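The values are calculated or read from the model by the stated rules, or taken from the named source; none is laboratory data. Fair warning: this is a prediction, and the values are worked out from it, not measured in the lab. Don't worry about glycine lacking a Cβ; one is built from the backbone with ideal geometry, like all the others, and counts go over all protein chains shown.
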Amino acid sequence: MDAPTPVTDLADRRVEVRRSRRRTRTVSAYRDGERTVVLIPARFSLVEEREWVERMVGRLEAADRRRNPHEGDLLDRARELSRRHLDGLARPRSVTWADNQHHRWGSCTPADASIRLSSRLQGMPGWVLDYVLLHELAHLLVPTHSRAFWDLLRSYPRTERARGFLAGVDHATGREGPGHHDDDGGDEGLERDGGAPAVQVTSTGWDAPD
């Protein structure tokens, strides 16, 4: 049975270490409210405990940043995606979270190279967030859902998986809107934003503006 040790403050991070005789090699960690629980083999020395606690807490925090990055990190992430998949041709100037995008996952304004992501994406897998970001980056280059647009996304291996994931979320939450548009060149669902077209991506296609 796991034996909890007192909660430790590790650089302002509350950590509870639980030693288990059943564990021989594996180490795992998870969040429990504001506390991080690290499960380690009972045979670990205090030095090994410290090493693995720091390693596992670091991994959890890195995963948190991927799922819910700060706005300052979003721009760096978008630029890296552009470099990796679009030869650096898309040059976003800002990427921000938007709390009012309830029926679309992202939008962009090519005129000022700004991208807005729905805050509903926070906490989703990093590869889903990357798909929405890359989708918007591609729209900075090609505003329509033409063949040229989808060719830009061809190098991202999880495009279809991410679209399916987001479609499932929309279906589960009942947010499938009436403004669906085909991805193969139909009505593109463009919105005017300060006189410039803003493109909105949803999991199932294109939604008309709210």
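Only one entry in VAL95, VAL142, VAL132, VAL57 is of a type outside the set (S, T, N, Q), assigned by TED's automatic domain parsing to the domain that holds VAL15 and either free of Cβ contacts under 8 Å to residues at least 60 places away in the same chain or buried (at least 19 other Cβ atoms within 10 Å of the Cβ) (or both), namely VAL57. Taking the numbered list (1) closer than 11 Å to LEU137 by Cα; (2) over 16 Å from the mean Cα position of the chain (by Cα) in turn, LEU81 passes all entries but (2). When ASP9 is tested against the conditions (1) in a strand (DSSP E or B); (2) modelled with pLDDT under 80; (3) over 29 Å from MET124 (Cα atoms), the lone failure is (3).
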